[in-house]
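To start, the structure under review is shown below, and the notes come after it.
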Amino acid sequence: MDTRTAVILVNWRGADDTIECLASLFCADQVPFVIVVDNDSGDGSVDRIAEWANGKNRTPIANSHHVNNAYENIARPIDFEIIGREQLSGGATKPLTIINSGGNWGFAGGNNMGLALALATEGISLFWLLNNDTIVGPETPSSVRSAFDKNPLWGMAGTPIRLYHQPDRHQLVNGMRFSTLTGAGQAIEMGSPVGKPFDSKKIINETDFVCGASIIVTRDLVEEIGMMEDRFFLYYEEIDWAVRSKGKFELGFVEDAVVYHKEGASAGSASQLSSRARSPLSEYHHIRSKMIFCKKHYPMLLPVYFAQNLLILMRRVWRRQPPQISAVFRATFGLPLQSGSKT
């Protein structure tokens, strides 16, 4: 077991996805500590994950392309424990720790609980934040560890991310280019074939921020610049992290890692590779987080971001999407998504 690496997964009503991700990690050639943070799913997710760890159920697989016989050979029961957020200071003592967070703290808040537990665990120097709707190749955990061992000045790095349902294509590679003026990101190598060779230095130079679906950071970085800004709830937390760490740590890229992503399974997000519209939840938090980011780092651009939001609102009106219209309007003006909601 690689006791120097902790993988952190945030689960919200996605037990099947989380279990499939866990299976890919626990049959890897180098198994890290794994921390699952359940954001108050309320659907029995914690019990289902625990049952799988105890060996009671088979691993659910969402795409037959990814059928892996090694999943059936994982030594279960896996030694695990379930803790509450008041126990984070005790550190991780089992290969698998499930944190009952006691609320829905969003992507950043959930990951921060996992980071707090990992920071309190002696010997862990590398924290890999991985979306629960991903799976990894068997050699990927060791590739991540090896890349950081060879590059001690790295503070943050990403990986290639392949599309789970189109495994011959990349969702993106490492991260995104970011436009300060528009607040929009453009995925690097989006849709490129998996066999296309990488120019690692070029990709690192083009990366303004690492994609949050697979982002690895060092203990040194977290201790110096802090955890994620949990005001964002969803989106922009990784951009904020990149801005805060710029010039203090080198950015890296684990080019031989293999990660497959189901892309937006929990929040209903969309991408340029997807024909579906953003869900109202995704729409709301994307706009809300963009405005928080702008106020924090580029307040002079607030009128520009506000005007962009109005254009998005008009587009949703033209498309006759009432839930999205409400979401964009409420996020733009700092209102909760639903009347009386805290999100």
- Query: Could you put TYR164, TYR284 in order, starting from the residue whose Cβ has the fewest other Cβ atoms within 10 Å?
  - Reply: TYR164, TYR284
- Given a Förster distance of 41 angstrom, what is the FRET efficiency for HIS66 paired with LYS248, based on the Cβ-Cβ distance and rounded to 0.05? 0.60
- Item | Helical contribution to [θ] at 222 nm, DSSP H n ≥ 4, -39,500 (n - 2.57), averaged over the chain, rounded to 500 | -10500 deg cm²/dmol
- Summing +1 for each Lys or Arg and -1 for each Asp or Glu, what net charge is found among the other residues whose Cβ lies under 15 Å from the Cβ of ARG145? -3
- Under a straight-distance cross-link criterion of Cα-Cα below 14 Å, which aspartates and glutamates are reachable from LYS290, leaving out those fewer than 8 residues away in the same chain? GLU229, ASP230, GLU237, GLU238, ASP240
- Note on the structure: Scoring only Lys, Arg, Asp and Glu (+1, +1, -1, -1) among other residues with Cβ under 10 Å from the Cβ of SER101 yields -1
- Message: I need VAL31, VAL67 ordered by Cβ neighbour count within 10 Å, fewest first.
- Response: VAL67, VAL31
- Which angle between 0 and 90 degrees, to the nearest 10, do you get for helix 15-26 versus the longest principal axis of the chain when only C-alpha atoms count? 50 degrees
- Query: Most fluctuating residue of SER143, SER45, SER192 in a GNM of the chain with Cα springs under 10 Å: which is it?
  - Reply: SER192
- Message: Can you give me the distance in nm between label points at LYS202 and ASP79, each placed 7 Å from the Cα along the Cα-to-Cβ direction?
- Response: 4.7 nm
- Mind checking which of THR93, ASN104, ALA331 is farthest towards the positive end of the chain's charge dipole, using Cβ charges of +1 (Lys, Arg) and -1 (Asp, Glu) about the Cα centre? ALA331
- So how tilted is helix 280-297 from the main axis of the chain? Cα-based, degrees 0 to 90, rounded to 10. 80 degrees
- Please report, to two decimal places, log10 I(q)/I(0) for the chain at q = 0.07, 0.08, 0.11 Å⁻¹ as given by the Debye formula with identical point scatterers on the Cα atoms and no solvent. -0.27, -0.36, -0.70
- Taking only Cα atoms, what is the 0 to 90° angle, nearest 10, from helix 322-332's long axis to the longest principal axis of the chain? 90 degrees
- Message: With +1 assigned to the C-beta of every Lys and Arg and -1 to the C-beta of every Asp and Glu, and no other charges, what is the dipole magnitude of the chain about the Cα centre in debye, to the nearest 20?
- Response: 1440 debye
- Ranked by GNM mean-square fluctuation in the chain (Cα springs under 10 Å), the top entry among THR59, THR182, THR18 is THR182
- Dipole of the range 280-332, Cα-centred, from +1 at each Lys and Arg C-beta and -1 at each Asp and Glu C-beta, to the nearest 20 debye? 60 debye
- Task: Could you work out the equivalent-ellipsoid semi-axes for the range 280-332, taking the square root of 5 times each eigenvalue of the Cα gyration tensor, largest first, in whole Å?
- Result: 21, 12, 6
- Query: Can you put ARG288, ARG58, ARG169 in order, fewest other beta carbons within 10 Å first?
  - Reply: ARG58, ARG169, ARG288
- Message: Looking at the chain as a GNM with Cα springs under 10 Å, which of THR180, THR207, THR332 has the largest mean-square fluctuation?
- Response: THR180
- Query: What length, rounded to one decimal in nm, is gained on full extension from ALA307 through to GLU122, with 0.36 nm per residue of separation minus their alpha-carbon distance?
  - Reply: 61.8 nm
- State the extension gain, in nm to one decimal, for the chain segment bounded by THR180 and THR3, taking 0.36 nm per residue of separation less the distance between their alpha-carbons. 59.9 nm
- Query: In whole percent, what relative contact order does the range 2-261 give with Cα contacts below 8 Å and a gap of six or more residues?
  - Reply: 23 percent
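No value in this document is a laboratory result; all are computed from the given coordinates. Everything numeric here is computed off the predicted structure, so don't read it as measured data. Ideal geometry is used to build each Cβ from the backbone, glycine not excepted, and the neighbour counts take in all protein chains shown.
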